[in-house]
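In what follows, a structure is listed as structure tokens, so that the remarks can point back to it.
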Amino acid sequence: MEKHLKPDVRGLLGRLPLFAAVDAAALDRIAESVTEHRLARGEVLFRQNTPCHGFYLVAHGQIKISVIAPNGNEKVLELIPAHMSFGEAVMFLDRPYPVTAEALTDSLVLGVAREAVLPLIEHDQRFARKMLAGLSLRLHSLVKDVEGYALRSSTQRLIGYLLREARDDADGALEIDLPTSKQVLASRLSVTPETFSRILGSLSAANLIEVEGKTIRVPDLARLRDFEA
């Protein structure tokens, strides 16, 4: 049987911006309540309509957040990398999860119980403000997504995704390793896999990008920005 090293739960929580200002005693209490979830690639952490008892932190790996339509089609809403949290908003609503969380790679996810967090919200204003700020950022991101789907072409959405991998002041060339399959990214950007591949081909033909497997090289960021506009 494969032996797993026990993760440094307290250290992982302390590196999460949400818990950065939490005192050591409170962090220890939260760490004691954490549950570990080791997921193989493709394994589901929870499905839509599963009861919610807290939120999660990705220790390592990557988690796909998606919804499944009645006809079986999947829409990828978010890709959660290591050291990021998810599920905070739902735990306050006392409702089931409206999404499904699935591991895109072998992952270790830590579950933080709602009962461990509520006392912090009541007695630590800094923690409460950080949680509100995190939820606000998620809402802002959702609004930007809706805006992009409604007002931007599929080509602009893909270019926008690539440009987000670069700093605002970056110039010259950029090499991007796609974090997951092109099919998952296509769903994240609300395009079909066929459209996704067609756009990559068009951008390659225009010498704006070079594609090799899951690696995309942008020779000239300024040209790509101008093309997006």
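Going by the conditions given, is Ala103 closer than 15 Å to Ile80 by Cα and not charged (D, E, K, R)? So Ala103 passes the test.
Restrict the check to region 59-67 and report whether at least one residue is of a type in the set (Lys, Arg), closer than 19 Å to Asn49 by Cα and open to solvent by 20 Å² or more (accessible area, probe 1.4 Å). No, the conditions are met nowhere in region 59-67.
Cβ separations smaller than 6 Å between residues 6+ apart or across chains give the following pairs from region 124-143 residues that are more than 10 Å from Ala21 (Cβ to Cβ) and surrounded by 12 or more Cβ atoms within 10 Å (Cβ to Cβ) to residues that are modelled with pLDDT of 80 or more and of a type in the set (Val, Ile, Thr): Ala128/Ile121. Within region 148-166, identify whether any single residue is touching a strand residue (DSSP E or B) at 6+ places or on another chain (Cβ under 6 Å) and modelled with pLDDT under 85, and answer yes or no. Checked region 148-166: at least one residue is touching a strand residue (DSSP E or B) at 6+ places or on another chain (Cβ under 6 Å) and modelled with pLDDT under 85. Filtering region 144-161 to residues that are within 19 Å of Met84 (Cβ to Cβ) and open to solvent by 50 Å² or more (accessible area, probe 1.4 Å) leaves only Lys144.
Filtering region 90-146 down to residues that are of a type in the set (Val, Ile, Thr) and part of a helix (DSSP H, G or I), which residue is nearest to Val184 (Cα to Cα)? Only one residue tops the list, namely Val146. Does Thr180 meet the test of being surrounded by 14 or more Cβ atoms within 10 Å (Cβ to Cβ) and of a type in the set (Ser, Thr, Tyr)? For Thr180, the condition - surrounded by 14 or more Cβ atoms within 10 Å (Cβ to Cβ) and of a type in the set (Ser, Thr, Tyr) - is met. Scanning for something open to solvent by less than 20 Å² (accessible area, probe 1.4 Å) and over 26 Å from Glu115 (Cβ atoms), does region 68-85 turn up at least one residue? Looking for residues that are open to solvent by less than 20 Å² (accessible area, probe 1.4 Å) and over 26 Å from Glu115 (Cβ atoms), one finds at least one in region 68-85, hence yes.
Note on region 103-114: among residues that are over 12 Å from Leu45 (Cα atoms) and in contact with a helix residue (DSSP H, G or I) (Cβ under 7 Å, 6 or more places away or on another chain), the one that is surrounded by the most Cβ atoms within 10 Å (Cβ to Cβ) is Val112. Here Glu36 qualifies as of a type in the set (D, E, K, R) and in contact with a Leu (Cβ under 7 Å, 6 or more places away or on another chain). Scan region 176-212 for residues that are part of a loop (DSSP other than H, G, I, E, B) and touching a strand residue (DSSP E or B) at 6+ places or on another chain (Cβ under 9 Å) and jot them down. If the condition is that a residue be part of a loop (DSSP other than H, G, I, E, B) and touching a strand residue (DSSP E or B) at 6+ places or on another chain (Cβ under 9 Å), then Leu178, Pro179, Thr180, Leu189, Ser190, Leu208, Ile209 are the ones that fit. Checking the stated criteria, Leu12 turns out to be in contact with a strand residue (DSSP E or B) (Cβ under 9 Å, 6 or more places away or on another chain) and either over 26 Å from Tyr97 (Cα atoms) or open to solvent by less than 60 Å² (accessible area, probe 1.4 Å) (or both). Could you tell me which residue of region 86-102 is modelled with the highest pLDDT, considering only residues that are open to solvent by 80 Å² or more (accessible area, probe 1.4 Å) and over 21 Å from Pro17 (Cα atoms)? Here the answer is Arg95.
The values are calculated or read from the model by the stated rules, or taken from the named source; none is laboratory data. These numbers come from a predicted model, not from an experiment. Backbone-built Cβ (ideal geometry, glycine too); neighbour counts: all protein chains shown. Protein only, heavy atoms only, side chains kept; ligands, DNA and RNA dropped before computing areas. Shrake-Rupley method; radii C 1.70, N 1.55, O 1.52, S 1.80 Å.
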